[in-house]
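A short worksheet on the structure shown next.
The values are calculated or read from the model by the stated rules, or taken from the named source; none is laboratory data. This one's a predicted model, so the numbers in the text were calculated from it and none came from an experiment. When we count neighbours, we look across all protein chains shown, and the Cβ atoms used for this are built from the backbone with ideal geometry, even at glycine. Protein only, heavy atoms only, side chains kept; ligands, DNA and RNA dropped before computing areas. Shrake-Rupley method; radii C 1.70, N 1.55, O 1.52, S 1.80 Å.
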Amino acid sequence: DTGVSQDPRHKITKRGQNVTFRCDPISEHNRLYWYRQTLGQGPEFLTYFQNEAQLEKSRLLSDRFSAERPKGSFSTLEIQRTEQGDSAMYLCASSPDYGDKNIQYFGAGTRLSVL
Amino acid sequence: AQSVTQLDSQVPVFEEAPVELRCNYSSSVSVYLFWYVQYPNQGLQLLLKYLSGSTLVKGINGFEAEFNKSQTSFHLRKPSVHISDTAEYFCAVSPGGEAGNMLTFGGGTRLMVKP
């Protein structure tokens, strides 16, 4: 069990560029979550997958944001035409269907800076 | 919908002193309650959780919390803090019942332990 892995850890981009982040959940965890954390705030829910199905999306997830989990394993979060307001830490979490199914295990996050 | 209020944004305390970090929530349904800790440039680590049963729950690193349904609170306590406890602490709730529910976080409390 290597934990939830996120890549890259840091991303600096210019306004208007597209960025993509990757999350590898803990092996055999069926549920995967994305959260956004701005400076000095708690994380805010963005979206949730059970296997490959995207079951819930927050209204924070504008049409510039898209998340996928094509084979029910890793997930990607893409932001198109980035804006300075997108600067934040993007956190991924996963949880199993059994045992500690109510516990979400978090990765170290991807810190995005939009210049 | 749920909401979480962490009443103190910063708590300074001397090493070996006791500490309490306050958390209040609101919800129209039953909830599960969590405390997470975040060290600089890292993801969130689960400290403890309340799902059901005894209202006093013990977690890692000597922390404990008490669920008070009438006061809708879930305050975190430690009888004697160490320098290494300096971090950001987040209280979170999710709807009780089925797994896979999103977490709603408070704004966080920065615990600053002084020598």
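Assorted remarks:
- Chain B - percent relative contact order, Cα under 8 Å, separation 6 or more: 37
- Residue-count net charge about A:F65 - beta-carbon cut-off 12 Å; Lys, Arg +1, Asp, Glu -1: 0
- Residues B:S26 and A:Q84, FRET efficiency given R0 of 25 Å [Cβ-Cβ distance, rounded to 0.05]: 0.20
- Positive-end residue of A:Q50, A:Y105, A:Y35, charge dipole of chain A with Cβ unit charges: A:Y35
- Alpha-carbon Rg/Rh ratio, for segment A:16-63, with Rh computed the Kirkwood way: 0.99
- For chain A, the per residue solvent-accessible surface stands at 51 Å², with DNA, RNA and ligands left out and a 1.4 Å probe.
- When every Cα-Cα distance of the protein assembly as shown is counted in 5 angstrom steps from zero, the calculated P(r) takes the values 1, 7, 14, 18, 19, 16, 12, 7, 4, 1, 0 percent.
- 1.4 Å probe, heavy atoms, protein only - residues of segment A:31-49 losing at least 50 Å² accessible area vs chain alone: A:P43
- Beta bridge orientation in chain A: antiparallel %, DSSP, nearest 5: 90
- Taking a Cβ cut-off of under 12 Å around B:P40, the surrounding Lys, Arg, Asp and Glu residues balance to a net charge of +1, with basic ones at +1 and acidic ones at -1.
- Excluding same-chain neighbours fewer than eight residues apart, the aspartates and glutamates reachable from A:K57 by a Cα-Cα span under 13 Å are A:E44, A:E68.
- Rounded to the nearest 0.05, the FRET efficiency derived from the C-beta distance between A:L60 and B:K114 at R0 = 30 Å is 0.25.
- All lysines inside 18 Å of A:K101 as judged from Cα atoms, apart from same-chain residues fewer than 8 positions distant: B:K49
- Subtracting the Cα-Cα distance of A:T2 and A:Q17 from their residue separation scaled by 0.36 nm leaves 2.2 nm.
- Interface area, B with A, accessible, probe 1.4 Å, both sides summed, Å² nearest 100: 1700
- Additional length obtainable on full extension of the chain from B:I60 to B:A1, 0.36 nm per residue less Cα span: 18.3 nm
- 3J(HN,Hα) couplings calculated from phi for segment B:103-115 with the Karplus curve 6.51 cos²θ - 1.76 cosθ + 1.60 (θ = phi - 60°) are, in sequence order, 8, 10, 9, x, x, x, 10, 8, 8, 10, 9, 9, x Hz; Gly and Pro show x.
- Computed with a 1.4 Å probe over protein heavy atoms only, the accessible surface of chain B comes to 47 Å² per residue.
- Expressed as a whole percent, the proportion of Cα-Cα pairs in chain B lying more than 19 Å apart is 41%.
- For the options B:F105, B:F74, B:F14, a Gaussian network treatment of chain B with springs between C-alpha atoms closer than 10 Å singles out B:F14 as fluctuating the most.
- Highest-fluctuation residue, B:P79, B:P40, B:P12 considered, GNM on chain B with Cα pairs under 10 Å: B:P40
- Comparing the full protein assembly with the isolated chain, the residues of segment A:78-108 losing at least 50 square angstrom of accessible surface (1.4 Å probe) are A:N102, A:I103, A:Q104, A:F106.
- Approximating the spin labels as points 7 Å out from Cα along Cα→Cβ, the B:E16-to-B:N41 distance works out to 3.2 nm.
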